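As structure tokens, the structure follows; a few thoughts come after it.
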Amino acid sequence: MTTTTPEAQLSQLSELIAAQMGLHFPRERWPDLERGIRSAAREFDLKDAESCLEWLISSPLTRKQVEILASHLTVGETYFFRERKSLEILEGHVLPELIRARRGNEKRLRIWSAGCCTGEEPYSIAILLTKLIPDWKDWKITILGTDLNPRFLQTASEGIYPKWSFRETPEWVREKYFTVTKDGRWAVIPSIKKMVTIHYLNLADRAFPSLLTNTNAMDVVFCRNVLMYFTPEAAKKVIQNLFCSLMDGGWLVVSPTETSQALFAQFVTVNFPGVTLYKKDAQRLPAEEVSPHELGDEPRAAWPPSADVCVELDWGIRSPAQPFPETLPSDAEEGNQGGPRPTSYGEALTLYERSRYEETVEKLVVWLSQNCDDAKAMLLLARVYANQGKLAEALEWCEKTIAADKMNAGYHYLRATILQEQGSLAEARASLKRTLYLDPKFVLAHFALANLAQREERFKESDKYFENALSLLSAYRQEDILPESEGMTAGRFMEIVTVQRNQGVRAEK
Ligand SMILES: C[S@@+](CC[C@H](N)C(=O)[O-])C[C@H]1O[C@@H](n2cnc3c(N)ncnc32)[C@H](O)[C@@H]1O
């Protein structure tokens, strides 16, 4: 019989945590891990840290265990207008340029605070945007804040803060954008609160970029002071997925302590005085060879990232486990010297999976000119356009897909998602109802209708749809992959539905 030492158990648990949450607990951080387990033990109703540790490693971590561990192991350090210098560069250079480009066009901006903690970061971004865009109410502005820790998410969706959250914040922020509550805290004003959407998202899951989690076609992604807690492997995967979530020309903002030539080699590094930002250039492929630099103090593995990242598995286009081919077949390999290279849906799909959207469009257009009733190719084209933020084109191709196959509930659901992103909420609702008409068990459509109703403060209606979603989900096993869900498990989705529903319950009070 083998005796498992506490050391071996801690090592095993840190591996499980790295795999499921991305968080890095090397030996020197085991005291932090032990502290976290001790406090989690109370919440799990276990008598002490030792039995908690034993129980956690006895089988793969469940969704609930991950949630509870997250609330004891993640670092909640944040405040309004943190790292002012970066925000000043955004205010002075990056955002004005973006706003100028969009003003004459569709007035649309999409910003994501990934690892938003208690919400100070996304609300700071909202404040910044209202300063920069006088007519912001006429714009379609998405500010998404996501985190893994349900307690942080709760605070973020309430939007009420102690004075400590303003510890290095200019005075005008609190004066202009907050009101004092009865208990002496500070509530973000409704107009700013409404600009921000808070959602659960575990960055270690492969749930992005995705229309489902609204993490596609972002103009700016903030992922500050998050990756420094990740294992090198997990950080690389997250960075690659964030790259895919950005529009061409979009920006990634990390903390000054997290900049790294090696880790962000796929981006164009743009140096401003005292601030480094990363810009996506879709033409640029992952670097072939980069010397192993470091992120923060932790040793980092070398680039390029492994090929199994940048996951898009929606609507049956691709399965989660399919790796990318490292290179596309050359003309010679295809036996096609001279003349134009034959194009195919498969080739377009490969390009799409590598985030090479412009080339994907080129291939699909040629393919569709010869195979004009190929609904799958049309659907892929709609999705590429959606990922590029070209919503009018995405909608056009989605509608062509529907015309080719009217009875596919998933196509109507995609249409609803695009319409929602365009701000056409009534039409989106109609499409979701159509989805449910075709497939009453389409969980995601119930969830989307619940969210729409919650957003418009029709809480009774939203509760009904949340109930429907939860009751349909209860028929699945936790580990079952939900249909049309981009690889999301039923258990994970149930948690998301529950967190979202609770936000509504609190808002109603
Ligand atoms: C130090 S806070 C940073 C907050 C904010 N971005 C800032 O810079 O002020 C780190 C946040 O990352 C979140 N986090 C850690 N691991 C995560 C994961 N796997 N997925 C999503 N969020 C995660 C934590 O819950 C925490 O809220």
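Just so you know, all these numbers are worked out from the coordinates, no wet-lab data involved. A quick note: this is a predicted structure, and the numbers were derived from the prediction, not measured. Methodologically, a virtual Cβ is constructed for each residue, glycine included, from the backbone with ideal geometry; neighbour enumeration extends over all protein chains shown.
Can you figure out the FRET efficiency of Arg477 with Trp55, using R₀ = 30 Å and their beta-carbon distance, to the nearest 0.05?
FRET efficiency, Arg477 to Trp55: 0.90.
Run the numbers for Glu399 and Asn105: contour at 0.36 nm per residue of separation, minus the present Cα-Cα distance, in nm.
103.6 nm
So for Arg167, Arg110, fewest C-beta neighbours within 10 Å to most, what's the order?
Fewest to most other Cβ atoms nearby, the residues stand as Arg167, Arg110.
For every helix of n ≥ 4 consecutive DSSP H residues, a contribution of -39,500 (n - 2.57) applies; sum these over the chain, divide by its total residues, and give [θ] at 222 nm rounded to the nearest 500 deg cm²/dmol.
One gets -14500 deg cm²/dmol as the mean residue ellipticity at 222 nm.
Arg84 to Arg167: extension gain in nm, 0.36 nm per residue of separation minus the Cα-Cα distance?
Length difference between fully extended and current span is 28.6 nm.
Taking square-rooted eigenvalues a ≥ b ≥ c of the alpha carbon gyration tensor, is the range 406-508 rounded, prolate or oblate, where a/c under 1.5 means rounded and, failing that, a/b exceeding b/c means prolate?
Because a/c hits 1.5 or more and a/b fails to exceed b/c, the range 406-508 counts as oblate.
With the crude spin-label approximation of a point 7 Å out along Cα→Cβ, what separation in nm comes out for Glu467 versus Arg455?
Between Glu467 and Arg455, the simple spin-label model gives 2.4 nm.
So if we plug the beta-carbon distance of Leu425 and Asp32 into 1/(1 + (r/R0)^6) with R0 = 45 Å, what FRET efficiency do we get, rounded to 0.05?
0.50
Is the shape of the chain best called rounded, prolate or oblate, per the rule: a/c under 1.5 gives rounded, else a/b larger than b/c gives prolate, else oblate, with a ≥ b ≥ c the square roots of the Cα gyration tensor eigenvalues?
Rounded shape, in that the Cα axes give a/c under 1.5.
By the gyration tensor of its Cα atoms, with a ≥ b ≥ c the square roots of the eigenvalues, what is the shape of the range 429-473: rounded for a/c under 1.5, prolate for a/b over b/c, or oblate?
Taking the square roots of the gyration eigenvalues as a ≥ b ≥ c, the range 429-473 is oblate.
To the nearest 0.05, what FRET efficiency results for His93 and Ala392 with a Förster distance of 22 Å applied to their C-beta separation?
Step by step, r from the Cβ atoms, then E = 0.15.
Calculate the spin-label point distance for Arg185 paired with Lys137, positioning each point 7 Å from the Cα along the beta-carbon direction, and give it in nanometres.
Modelled inter-label distance: 2.8 nm.
What does the extension gain come out to for Glu77 and Asp281, with contour length at 0.36 nm per residue minus their alpha carbon separation?
Computed gain between Glu77 and Asp281 is 70.3 nm.
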